[in-house]
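We did not get these values from a lab; they are worked out from the coordinates using the rules stated. For clarity, every value in this text was computed on a predicted model and none was experimentally measured. Every residue, glycine as well, gets a Cβ built from its backbone with ideal geometry; the counts of neighbours run over all protein chains shown.
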Amino acid sequence: MSDAEVSTPGLRTSAPLQLAARIPIDPETQNIPITSRYHQQPKWYQFIPRILLNQSWLEGLLPDEPPYNIPRKGLIIADEGGVGKTKAAALCINHIFCKNPEKSILLLVPSRLIMGWRNEIKRVNPNLQGDIKIISNAKKIKSISKGKIIITSKDSFSKNSEEIFEYWDKVSIRDNYTDNELFSLVVIDEAHKGKKKIERNTLKSGKKKKWAIYKSINKLCNNYSEKNLAVTASPLSMELSDIRD
């Protein structure tokens with residue numbers, strides 16, 4: 001028997017295999033498909049938002065401990081179409097959910113893209129399939145399911161936001177939640193359709209739909225989530241004041 005092999009009752013295995021069996025399993029990366037007909041391995045740059053979202057604002061320049069530095073609460077993935085923004089966001093969702101599976105993640109996306117987001121999250125980590133919950137009527141997310149990735153329509157959430165927030169506030173008092181504890185992450189797709197500047201202009205013509213979307217998303221991100229992620233393909237037409245007070 002060579003030095004590279006060890007003997008066990010009825011089994012002959014190599015030392016490297018035994019060593020690999022003792023390596024701790026990373027729940028975030030163990031189920032990411034390497035390649036197949038329908039699953040493409042993520043590109044290196046698609047991991048950048050996942051890294052930045054977990055860094056302090058000035059990491060490497062100032063000490064990480066408060067008050068010298070503060071955690072990053074929000075991030076915008078902004079680029080042209082077809083470069084993999086949704087996959088990059090799905091990698092962030094996978095990381096944060098695997099890190100804290102007891103908390104829920106909320107995605108607000110256009111109705112036509114709900115199934116696409118579900119499929120992209122499944123492609124990144126097939127084991128998350130049972131944790132994804134699609135809710136067509138946002139009213140039903142009042143009763144938050146813990147440990148779920150909830151996908152719902154932006155428009156539906158906006159229409160029902162006042163009722164939803166009122167219910168969440170009651171739950172927070174009853175169950176002793178503190179601020180920003182309901183969701184570990186909120187993801188907003190097509191964030192350019194909730195711009196503050198445009199919404200103010202639409203008020204003059206009596207169109208309040210987009211302004212309502214901005215207000216509801218702004219309150220959601222500021223008051224009910226630990227971290228926020230926005231996805232947009234129109235970064236050049238946006239200013240920081242469009243999406244943040």
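Things worth noting here:
- The simple Förster model, with R0 at 41 Å and r as the Cβ-Cβ distance, assigns N137 and E65 a FRET efficiency of 0.40.
- Label-point separation in nm, K43 to E190, each point 7 Å along Cα→Cβ: 2.4
- Here A78 and K170 are evaluated by their C-beta separation; at R0 = 45 Å the FRET efficiency comes out at 0.80.
- Region 88-174: C-alpha gyration tensor shape, a/c 1.5 cut-off, then a/b vs b/c: oblate
- Cα principal axis extents for region 55-126, largest first, Å: 43, 33, 19
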